[in-house]
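Here's the structure we're looking at; comments come further down.
The values are calculated or read from the model by the stated rules, or taken from the named source; none is laboratory data. Because the structure is predicted, anything quoted here is derived from the model rather than measured. Methodologically, a virtual Cβ is constructed for each residue, glycine included, from the backbone with ideal geometry; neighbour enumeration extends over all protein chains shown.
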Amino acid sequence: MSLTELKAQARKEAFARRKPLFDAANAAQAGYLSEVLAGYRGVPVSGFMPIRTEIDPRPAMAEATAHGMVGVPVIEAEAQPLKFARWTPDAAMVAGSFGAAIPETLEFFEPEILIVPLLSFDRKGGRLGYGGGFYDRTLEMLRARRATIAVGFAFSGQEVDAAPLEATDQPLDLIVTEAGVIEVG
């Protein structure tokens, strides 16, 4: 089986594994993410607007807006890095690419911490995403400019022994779940 086929199969299995975790989620799912972000007050951060059955980072993002710039990703074109638009809990939102909402008024900035959605992760910082490569391109670009922290945010049940990886896949620096913080190692 090729790596492409392996990743496609892993994505299918990860979606199926995530659905019951999403269905059982409660309002406290972002508690550990709030704790992590509290250690970086004032550092520009990007979260994400959850789609499908993704874990919801918005409570932690809302808390972080009291201390610094918080944004969400904006897809401008296929095969391009993401851009990040400032977000607040009361921002007017409109439909963006791939179904994720984006702010109606786009005020772009560069985050130093990215909260990254995913389908599965491993304890070495491996991440399986949706296959568009947006976060990989973006992290590579940002890390070439300055220290940039990638925080994977997922349900604990999304952990796998080893995520199928390619040379272009950018590693996570930290993983946060509803059950705790996982140091990558």
Note to self: Suppose we filter the stretch 145-161 for residues that are farther than 20 Å from Ala24 by Cβ and either in contact with a helix residue (DSSP H, G or I) (Cβ under 6 Å, 6 or more places away or on another chain) or of a type in the set (Ser, Thr, Tyr) (or both); how many remain?
What the structure shows: 2
Item checked: Residue list for the stretch 163-185, filter: surrounded by 13 or more Cβ atoms within 10 Å (Cβ to Cβ), touching a helix residue (DSSP H, G or I) at 6+ places or on another chain (Cβ under 7 Å) and among the β-branched types (Val, Ile, Thr) -> Val176, Thr177, Val181
Notebook entry, point to check: Does at least one position in the stretch 108-118 carry a residue that is touching a residue at least 60 places away in the same chain (Cβ under 8 Å), aromatic (Phe, Trp, Tyr) and either crowded, with 20+ Cβ neighbours inside 10 Å or in a loop (DSSP other than H, G, I, E, B) (or both)?
Noted result: no
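Rundown of residues vs (1) touching a Ser or Thr at 6+ places or on another chain (Cβ under 8 Å); (2) in contact (Cβ under 8 Å) with a residue 24 or more places away in the chain; (3) over 21 Å from Ala147 (Cα atoms), yes/no style:
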| residue | (1), (2), (3) |
| --- | --- |
| Gln29 | no, yes, yes |
| Val45 | no, yes, no |
| Phe48 | no, yes, no |
| Glu54 | no, yes, yes |
| Pro59 | yes, yes, yes |
| Ala95 | no, no, yes |
| Ile102 | no, yes, yes |
| Phe121 | no, yes, yes |
Next item on the list: Would you point out the residue of the stretch 35-88, among those that are among the polar types (S, T, N, Q) and within 14 Å of the chain's Cα centre (by Cα), that is farthest from Glu140 (Cα to Cα)?
Entry: Thr53
Notebook entry, point to check: What is the one condition in (1) surrounded by fewer than 12 Cβ atoms within 10 Å (Cβ to Cβ); (2) touching a helix residue (DSSP H, G or I) at 6+ places or on another chain (Cβ under 9 Å) that Lys12 does not satisfy?
Noted result: (2)
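Quick one: is Gly47 surrounded by 15 or more Cβ atoms within 10 Å (Cβ to Cβ) and modelled with pLDDT of 90 or more?
Criteria met by Gly47.
Here's the yes/no breakdown for (1) buried (at least 17 other Cβ atoms within 10 Å of the Cβ); (2) touching a Leu at 6+ places or on another chain (Cβ under 9 Å); (3) at pLDDT 95 or above:
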residue	(1), (2), (3)
Ala79	no, no, no
Ala85	yes, yes, yes
Ala95	no, no, no
Gly99	no, no, no
Tyr135	yes, yes, yes
Asp161	no, no, yes
Next item on the list: Could you tell me which numbered condition Ala10 fails, if it satisfies all but one of (1) over 23 Å from Ile182 (Cβ atoms); (2) assigned to a helix (DSSP H, G or I); (3) in contact (Cβ under 8 Å) with a residue 12 or more places away in the chain?
Entry: (1)
